[in-house]
There are 2 protein chains.
Amino acid sequence: MLKNIMLTIAYDGTCYHGWQRQENALSVQQVVEEACEKLFGCHIKIIGAGRTDAKVHALGQVATLQVATSIPIERIPYALNTYLPEDIVIQQAKEQPMEFHPRYDAINKTYRYQILNAPFAIPQWRNYTTFVSYPLNVDRMSQAGKYFCGTHDFVGFCSTGSHVITTIRTIFDFQVTFQDRIITLEVKGNGFLYNMVRIIAGTLIEVGKGKINPFDIPSIIQSKDRKKAGPTAPPQGLTLIKIEYGKTLTH
Amino acid sequence: MLKNIMLTIAYDGTCYHGWQRQENALSVQQVVEEACEKLFGCHIKIIGAGRTDAKVHALGQVATLQVATSIPIERIPYALNTYLPEDIVIQQAKEQPMEFHPRYDAINKTYRYQILNAPFAIPQWRNYTTFVSYPLNVDRMSQAGKYFCGTHDFVGFCSTGSHVITTIRTIFDFQVTFQDRIITLEVKGNGFLYNMVRIIAGTLIEVGKGKINPFDIPSIIQSKDRKKAGPTAPPQGLTLIKIEYGKTLTH
């Protein structure tokens, strides 16, 4: 009998051209699909909860596949991981109702953006942070972050190339922390536009440098003008941390 | 006039066959020497404070070179870094008296060993931790760590292949911390035998699993028997954090 299996996937995006399967470039989706095909012995198409760009990482990407299998659900991560490279690891498998959809049923997503703020780059962090040598004011960045919370039209914090019905999104929480030369932005929202977190990160770096005043964030959002926001911060600092679903669907 | 220049070097050891220059394999020392030769335009031999094995990392390796240069000392890191790959970054350059020796004049060294203790591996940590899925008891590991402090003959915590006059070393401090599924051992001592930190880490993993009792550490040290200690933990969890020198020599 066909089952709808939800996978939670962690990956290091450094060597991939993003999540989404594409011609002539290796994607995380393709590698996971091929591992599934080896395990289940049939053609598999997986549906991801959201795309991530090249070099962007995930700790909790979610994807579903429909397959008829007798492998016990709790064994599937171990079995799939034997077919996956070291930079992609299935963290969990869970059976969901057939109507469950990883994108449409998501209630919120949490992203993390990491900035290394030090006089010199630290090699171990090169693939997981953006390096900024100019000393950043973390308090001002934290202050600015609060202004993103709430429901806003984020059309000014969005790259072209996305086709969405509405550019209104709600940010539930925005935390800025600083430890051991790493500034971490953690943002939880009901959804994010294309490059939205990276543009917010780029804007907060400008705030940290003193080029944008934290109090100007509301008017920058209201202007709906991409040019008023900061540059799109580099991809390797970004990680998709977690996607949450309604209780009735996940148990 | 010849200057004795001390470099502080951070590197990601993943792609190198250790610090020490060798035939037929790429070492960090070779890459730094070649960058120095490009910058200074002459043959350069650098002396490291200590070897690190293949895949072992450093945040604060120290090395010296003698060269006659008019480049201001504070510009040397920036200049050298332009000739270095992304996984090796000079953090500081400092002029020292000609008689300063990075190994003989070191007062203490600090190493960190990181263990990822989670049900599944996390790809982003694969080159910087040892992965242990079995749940480890961090309190017991911390308790065991304290017994390494003090002056002991660590001959039982040493791999063969090192030629040293004495196997007695002093551990000044041993901290075990746990955050976000990473167990971090940080150990500071006046010196370390070959593989000593990795064997201590391997022993603490056995303690964490319940296979060795923390109270048995003193007798394991006293036995001077390599077979009584735990296995040598994998290299990628290890980072050389810091080397300290006497005040009179570093200023």
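Derivation of every value follows stated rules applied to the coordinates shown; laboratory data play no part. Note that this is a predicted model, so its numbers are computed, not measured. Note that each Cβ is placed from the backbone with ideal geometry, even for glycine, and that neighbours are counted across all protein chains shown.
Say a label goes 7 Å from Cα toward Cβ at B:Thr151 in every copy; what distances in nm does this one have to the rest, shortest first?
7.2
Hey, for A:Glu99 with labels 7 Å out along Cα-Cβ, what do the inter-copy distances come to in nm, ordered shortest first?
Reported distances to equivalent positions: 8.5 nm.
Could you tell me how many degrees, from 0 to 90 and to the nearest 10, lie between the Cα long axis of helix B:196-209 and the main elongation axis, the longest principal axis, of the Cα atoms of chain B?
30
To make sure I understand the rule: partners must be aspartates and glutamates, Cα under 15 Å from the Cα of B:Lys228, and not fewer than 8 residues away in the same chain. Which ones qualify?
B:Asp153, B:Glu206, B:Asp216
Per residue of A:122-131, what is the mean number of Cβ atoms on other protein chains within 10 angstrom of that residue's Cβ?
Mean partner shielding for this stretch: 5.
Using only C-alpha positions, report the orientation-averaged shadow area of the convex hull of the range B:107-243, nm², one decimal.
Taking the Cα atoms of the range B:107-243, their convex hull projects to 7.8 nm² on average.
Give, as a single signed number, the net charge of other residues whose beta carbon lies under 11 Å from the beta carbon of A:Gln61, with Lys and Arg counted +1 and Asp and Glu -1.
That sum, taken over residues with Cβ under 11 Å, equals +3.
Given +1 on the Cβ of Lys and Arg, -1 on the Cβ of Asp and Glu, and no further charges, what dipole in debye does the range A:152-219 carry about its Cα centre, rounded to the nearest 20?
140
To one decimal in nm, how far is A:Lys227 from the same spot in the other copies, if labels go 7 Å from Cα toward Cβ? Please give the shortest first.
7.8
Averaged across the residues of A:6-15, what count of C-beta atoms belonging to other chains lies within 10 Å of each residue's C-beta?
Rounded to a whole number, the mean comes out at 2.
Towards the positive end of the charge dipole of the protein assembly as shown, with charges on Cβ (+1 Lys, Arg; -1 Asp, Glu), say which of B:Met6, B:Ile183, B:Gly202 has the farthest Cα.
Positive-most Cα among the choices belongs to B:Ile183.
What do you get for the angle between helix A:28-40 and the principal long axis of chain A? Use alpha-carbon atoms, 0 to 90 degrees, nearest ten.
20
Each residue of the range B:163-171 in order: what ³J(HN,Hα) in whole Hz does its phi give by Karplus 6.51 cos²θ - 1.76 cosθ + 1.60, θ = phi - 60°, with x for Gly and Pro?
10, 10, 6, 9, 9, 8, 9, 10, 9
Give me log10 I(q)/I(0) at q = 0.08, 0.12, 0.17 Å⁻¹ for chain B, Debye formula, one equal scatterer per alpha-carbon, no solvent.
The calculated log intensity ratios at q = 0.08, 0.12, 0.17 Å⁻¹ are -0.33, -0.72, -1.25.
How big is the gap, in Å, between the Cα center of the range B:182-219 and the Cα center of the range A:46-113?
Comparing the Cα centres of the range B:182-219 and the range A:46-113, I get a distance of 36 Å.
Binned at 20 Å from 0, what are the whole-percent values of the Cα-Cα distance distribution for the protein assembly as shown, short to long?
20, 47, 30, 3, 0
Rounded to the nearest 20 Debye, what is the dipole magnitude of the protein assembly as shown about its Cα centre when Lys and Arg each give +1 and Asp and Glu each give -1 at the C-beta?
Its charge dipole is roughly 400 debye.
Ranked highest first by average number of other Cβ atoms within 10 Å, how do B:93-104, B:51-62 line up?
In descending order of packing, they fall as B:51-62, B:93-104.
Please report, in Å, the Rg and the Dmax of the range A:95-140, where both are computed over Cα atoms only.
Expressed in Å, the Cα Rg and Dmax of the range A:95-140 come to 18.3, 52.
Can you tell me which lysines have their Cα less than 21 Å from the Cα of A:Lys242? Leave out same-chain residues fewer than eight positions away.
Within the straight-line cut-off, A:Lys242 pairs with A:Lys55, A:Lys94, A:Lys109, A:Lys146, A:Lys188.
Let's see if you can work this out: charge +1 on each Lys and Arg Cβ, -1 on each Asp and Glu Cβ, no other charges. What is the dipole magnitude of chain A about its Cα centre, in debye to the nearest 20?
About 540 debye.
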